[in-house]
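Undergrad: Take this structure, written in structure tokens, and hold onto it; I'll ask about it next.
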Amino acid sequence: MSAKSLRVLIADDERLSRQRLEDLLARENNVELAGLTDNGLTTIDAIRELKPDLVFLDIQMPGKTGLEVVREIGVDAMPPVIFTTAYDHAVAAFDLAAIDYLVKPFDDERFEKAFHRARKMIELNQVSRLSEELRALLSGGTSPAPMPKGQYLERIAVEMRGQVRVVPVKQIDYMIASGPYAELYVADKRYLIRERMQTLEERLDPAKFFRIHRSAIVRLDLIETLIRNPGGDYAVLLKGGVKLKVSRGRFERLEELMGLHI
């Protein structure tokens, strides 16, 4: 065990996630909380000013994403990173470029494994070997490459009433954009997450979900009827009676997917 305190920065836009990491770090010996940030821009400032030894970095944050933070700081100046994400399939793209990663919601044992690995690598000065992998990841852009078939999003963590709930993707009926958020509809329940529709579209299995409009994604097996109105408006009627607008450009593709020709 090192006598020198490990200075840790937590960067996450979800209050509950920041609090959980802070509580878990409080159990560890010789750890100093260097700071807490809730968006990419303040994270960049904090890394430059506080110079932490380790950063828990959320991949998806407002202002700038986790990768954009790394790009702005620069690979050589970036402290060691443990990425955090609510998307279990996304971590494959970051595995080699970080000391470790945590998929929310994670248990105590998984946190301890990641943190102790990070502490050991930092103490043994073994983190430099990750720089080239991180540089290669950044050279591909600010988003991970498309996931192979079979590695699509399977669950989403949502915060509600001070708790984190895991929503299986297969139970989601449809999703609606709401400003910087997305509303997830599961039967008679509605959950709110901070995520763009474009990101959700890329991470959902296209054989099961389809983006019918710039502000709506539906589960294909729930579509009961395709509607082509005389005025040129298009819509779908879902099992259960929900009716959603379909954009003109996506209607024909939806017909193909459903095996229908109206």
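The values are calculated or read from the model by the stated rules, or taken from the named source; none is laboratory data. Please read these numbers as outputs of a predicted model, since none were measured by experiment. Cβ atoms come from the backbone with ideal geometry, glycine included; neighbour counts cover every protein chain shown. Surface accessibility is based on the protein's heavy atoms, side chains included, excluding ligands, DNA and RNA. Shrake-Rupley method; radii C 1.70, N 1.55, O 1.52, S 1.80 Å.
Undergrad: Which ³J(HN,Hα) values in Hz, rounded to whole numbers, follow from the phi angles of the range 189-195 under the Karplus curve 6.51 cos²θ - 1.76 cosθ + 1.60, where θ = phi - 60° and Gly and Pro get x?
TA: Once rounded to whole Hz, the list reads 10, 10, 10, 10, 10, 8, 7.
Undergrad: In whole Hz, what ³J(HN,Hα) sequence does the range 60-65 give by Karplus (6.51, -1.76, 1.60; θ = phi - 60°), x for Gly and Pro?
TA: 10, 9, x, x, 8, 6
Undergrad: On a full-extension model of 0.36 nm per residue, what is the gain between residue 16 and residue 39, subtracting their alpha-carbon distance, rounded to one decimal in nm?
TA: 6.8 nm
Undergrad: Using a basic spin-label model with each label point 7 Å from the Cα along Cα→Cβ, how many nm lie between residue 215 and residue 202?
TA: Each label point is offset 7 Å from its Cα along the Cβ direction, giving 2.3 nm.
Undergrad: Leaving out ligands, DNA and RNA, what percent of the accessible area of the range 153-262 is carbon and sulfur, probe 1.4 Å?
TA: The C+S portion of the solvent-accessible surface of the range 153-262 is 46 percent.
Undergrad: Counting each pair of different Cα atoms once, what's the Kirkwood radius of the range 207-262 in Å, rounded to one decimal?
TA: 11.1
Undergrad: Could I ask something else about it? Please list 228, 7, 119, 190 from largest to smallest accessible area, probe radius 1.4 Å, with all protein chains kept in place.
TA: In descending accessible area the options line up as 190, 228, 7, 119.
Undergrad: State in Å² the accessible area per residue of the range 172-262; use a 1.4 Å probe, count heavy atoms of protein chains only, and round to the nearest integer.
TA: For the range 172-262, the solvent-accessible area averages 55 Å² per residue.
Undergrad: If you take the Cα Rg of the range 8-89 and divide it by 2.2 N^0.38 Å, with N the number of residues, what do you get?
TA: 1.00
Undergrad: Any of 170/239; 64/120; 113/170; 64/104 with alpha carbons more than 22 Å apart? Name them for me.
TA: Over 22 Å apart, Cα to Cα: 64/120; 113/170.
Undergrad: Please state the charge dipole magnitude for the range 178-236, taken about the Cα centre, from unit charges on C-beta atoms (+1 on K and R, -1 on D and E), reported in debye and rounded to the nearest 20.
TA: Charge dipole, the range 178-236, about its Cα centre: 160 debye, nearest 20.
Undergrad: Another one. With N set to the number of residues, divide the alpha-carbon radius of gyration of the range 157-262 by 2.2 N^0.38 Å and report two decimals.
TA: Normalised Rg, Cα atoms only: 1.09.
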